[in-house]
Each structure stands twice: as structure tokens, then as C-alpha cells.
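Structure record follows, encoded as C-alpha cells.
Taken together, the values in this text are just the output of simple stated rules run on the coordinates, not laboratory data. Keep in mind the model is a prediction, meaning the values are calculated, not measured. Backbone-built Cβ (ideal geometry, glycine too); neighbour counts: all protein chains shown.
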Amino acid sequence: MEKKELIYEGKAKKVYSTDDDALCIVSYKDDATAFNGEKKGTIVGKGVVNNRMSNFMFKLLEQKGIPTDFVEELNDRDAVLKRVEIVPLEVIVRNKAAGSFSKRFGVPEGTAFAAPTLEYCLKDDDLGDPMINDSQIIAIGAATKEELDTIAAYTLKINEVMKEFFAQCSVELIDFKIEFGRLPDGTIILADEISPDTCRFWDIETHEKLDKDRFRRDMGGVEEAYAEMMKRVGLDK
Ligand code: UDP
């Protein structure tokens, strides 16, 4: 499988067409952005970590019954994926308070929840990805009621699989963001990525941050944290 034409370049990855219209090749970059693109930088080796970790997680989730867009890992930075139409929602699950939740609701970071929360943001850079609720999503046609039911059910299952997996790596899954896509026949599948860019990972004992918050908050040790997550997941060999 070879890259044909660049069809999309985002903040952290490039997407290429291939000879097969149903497939694309994604190529992960080391570029990092935060705060809707206001903060820019490079995290050396991030593209490799995100590609390999995301592919690994998508394979695990497929085994647990979640349909995904993953097809094949080509090399350290590139993977073959099914082409989908992205549902314009960021789907966020939280197991403990952090980030924008802590700020918005005045709940200290690390506060445990009685049950995971599920929230949605509308993917729109010009609007700054505003929070949106179920009825608003259906009203503007970002997704249908049926699609949203599927997305919510998959997302809570994905959280359970990921929480259990990362706990075995001595990592607490604080929160994460996922995206879904539609195949040409309308089937909803997991798309985009699962990586330290899109999850909050805390060491289960020390609560040390092992994710992109180190970049967002200028904490230092960013590359080391991404490398440590590769090691924890067993992908450093
Ligand atoms: N997140 C993401 N992309 C975004 C916004 C959030 O991957 O554009 C992830 C983020 O890494 C965290 C979770 O979603 O794991 C919840 O993020 P939050 O809403 O707290 O926003 P943030 O503090 O990241 O701005």
C-alpha cells in the first residue's frame, strides 16, 4: 500500500489517499498544539508513540467487539485506515475531574466521580469546539438519535476496556477524547486516535502526569512521559 495524494493535513497528522478508495494512509507528525492551536511546539518522537499506541489500542478494542477504522500498521509513523466521514463531535469520557471540567465546575483535579461522565464538543475550530448536548446534536443534524445511542454505548464500553488495560500498566485513565466515523453504508466505527495526546494518564501510585498536559502546562519531561507510556504499554521493544 502506497501514499498517493495528500488529502488532509491536521495539527498532528497527514492523511493520504491510496489506490483503494475505501482506504487511506495516516502519517503521524511530532508537531504539537494546544489551546485550539494557540500554543505550538514539537515533541520529538511523539508521532511514533501515537501511531503505535493508537494502533495497539484499536486492535485491542476490535478484539473486545468495538468496530474501528484500523487496518494495518505500515511502519513507525504510518498506518492504513478505512476511509470514513468523521462525525463532527469530540466525545469525552471522564473518570476523575481534570482540565476543563475542573475549571468549569470548580471541582479540584483528581476528584473521583460516582460514575464516569460523558460529554460532547462540536468539532469546529472557528467556534473553539463548543460543548454541545444530545438534543442540540440531533437538532443541528451533527448525528442522528440512533447514531448518538451507538456512539454513547461504544464509548462507555471503550472506557471500561481502556481503564482495565491501563490499570494493568500501573496507569490511571483520568479522561480521554475519541471520535467516530461513518462508513459509506452508514455504519458507525471508532476513528481518529487514542494516545497521550488525547488521554490523561496518571501514574497509579504517584499521580505523575504521563500525557500531553506536560506540554500544555510547560511542566518539562514531555518526551520522557511519552516514552514512559510506550514502556508501560509494552511497545518499547
Ligand atoms: N482532548 C483532546 N482534544 C481536545 C480537547 C480535549 O484530545 O481538543 C482530551 C484531553 O487530552 C483530555 C480530555 O480530552 O484527555 C478532556 O479534555 P478537557 O475537556 O479537560 O480539555 P483540556 O483541558 O484538554 O483543554
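Take the Cβ-Cβ distance between Arg104 and Asp19 as r, set R0 to 41 Å, and report the resulting FRET efficiency rounded to the nearest 0.05. Intermediate results must be reported in sequence, preceding the final value.
Values: r = 46 Å, r/R0 = 1.13.
Step by step, r from the Cβ atoms, then E = 0.30.
Between Ser135 and Phe35, what is the label-to-label distance in nm when each label sits 7 Å out along the Cα-to-Cβ direction?
3.5
Too long at a 25 Å Cα-Cα cut-off: which of Lys40/Lys96; Lys123/Lys145; Lys103/Lys231?
Working: Lys40/Lys96 27 Å; Lys123/Lys145 18 Å; Lys103/Lys231 31 Å.
With Cα atoms farther than 25 Å apart: Lys40/Lys96; Lys103/Lys231.
At 0.36 nm per residue, and after removing the present C-alpha to C-alpha distance, how many nm does the segment from Tyr8 to Lys231 gain when stretched out fully?
The span from Tyr8 to Lys231 would gain 77.2 nm if fully extended.
Taking only the alpha carbons of region 84-135, what extent do you get along each of the three principal axes, in Å, biggest first?
35, 21, 21
Taking the Cα centre of each part, how many Å lie between region 11-26 and region 52-120?
20
Hey, got the dipole for region 115-195? About the Cα centre, +1 on K and R Cβ, -1 on D and E Cβ, debye to the nearest 20? Show your work: numbers first, answer last.
On the way: 6 positive and 17 negative charges, 43 e Å.
Taking the Cα centre of region 115-195 as origin, the dipole is about 200 debye.
With r defined as the distance between the Cβ atoms of Asp126 and Glu164 and R0 fixed at 35 Å, what FRET efficiency is calculated, to the nearest 0.05? It would help to have the intermediate numbers written out before the result.
On the way: r = 38 Å, r/R0 = 1.08.
With R0 = 35 Å, the Cβ-Cβ based efficiency is 0.40.
Multiply the residue separation of Glu85 and Arg182 by 0.36 nm, subtract the distance between their alpha-carbon atoms, and state the gained length in nm to one decimal.
Values: separation 97, 0.36 × 97 = 34.92 nm, distance 0.51 nm.
Result for the pair: 34.4 nm of gain on full extension.
Calculate for the chain the 222 nm mean residue ellipticity that helices alone would give, adding -39,500 (n - 2.57) per DSSP H run of length 4 or more and normalising by residue count, nearest 500 deg cm²/dmol. Don't jump to the answer; show the numbers that get you there.
Values: 6 runs with 72 residues, N = 237.
After summing the helix terms and dividing by the residues of the chain, the value is -9500 deg cm²/dmol.
List the residues, sorted by chain then number, that are 5 or more residues from Asp30 or on another chain and whose placed amide H is less than 5 Å from its amide H.
Gly47
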